[in-house]
Amino acid sequence: MEEKTLNALRWIVGILDQHQIPYRIGGGFAAHVYGSPRAVNDIDISLSGEYFPVIVPEVSGYVTAGPQHYLNEKWDCDTLSLDYHGQEIDITDIDTLRMSNKEKTEWFYMKDKYRSLGNLHVDIEGLEVSLIHPRDLVGYKQHLDGDHQLIDIEAVNQYLVSNGLSEKDA
């Protein structure tokens with residue numbers, strides 16, 4: 001993992017921990033931690049939007065967008081985007097986060113569909129971080145398009161099997 005990514009992770013997790021803000025990291029970052037060979041593009045963090053007023057003063061020098069509502073054919077949510085010394089960090093309000101299915105015919109709230117398994121706490125270079133459960137990660141990545149999603153899904157499925165967390169154990 002690149003040094004800029006680790007530095008950004010230490011910075012944002014430090015802020016979240018300092019304020020005792022519950023969060024979880026998902027997306028390609030979590031997939032990378034679970035074994036995907038793809039490089040990390042950004043750090044995707046979900047938390048309750050009620051914490052945006054606490055976070056914004058701490059990160060104001062790095063805000064590139066938001067907090068604001070974001071809507072496209074795939075996502076409907078409130079977000080806050082940061083650039084910490086070249087590393088993009090996207091913070092999404094889990095309370096408003098809706099995602100369309102792969103066919104883009106139905107919307108669902110992520111917190112309702114992918115929150116039941118909880119989070120995994122993992123050590124990354126001496127820093128304990130909260131990641132989306134790998135089964136939840138596979139579940140939502142199956143609704144996304146692109147070959148990179150297939151690479152992530154394959155790697156995370158291998159992680160599940162290797163760590164005794166395969167779906168048969170659900």
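Numerical summary
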quantity: Leading residue at positive end of dipole, the range 3-165 (Cβ point charges), from LEU47, ILE12, VAL33; calculated: VAL33
quantity: Simple Cβ-charge dipole of the chain, Lys/Arg +1 and Asp/Glu -1, about Cα centre, in debye nearest 20; calculated: 320 debye
quantity: Residue order, fewest to most beta carbons within 10 Å, for VAL59, VAL138; calculated: VAL59, VAL138
quantity: Neighbour-count ranking [beta-carbon atoms within 10 angstrom, fewest first] of LEU82, LEU137; calculated: LEU82, LEU137
quantity: The chain: relative contact order in percent, alpha carbon pairs under 8 Å with at least 6 residues between; calculated: 22 percent
quantity: Sorted by Cβ neighbour density within 10 Å, fewest at the top, the residues MET110, MET99; calculated: MET99, MET110
quantity: Normalised contact order of the range 58-136, rounded percent, pairs of Cα under 8 Å and 6 or more residues apart; calculated: 18 percent
quantity: Fully extended contour minus Cα-Cα distance, from LEU6 to GLU73, at 0.36 nm per residue; calculated: 21.0 nm
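Throughout, read-outs are computed from the coordinates displayed, never taken from laboratory work. On a predicted model such as this, the values are computed, not experimentally measured, just so you know. Note: ideal-geometry Cβ built from the backbone for every residue, glycine included; neighbour counts use all protein chains shown.
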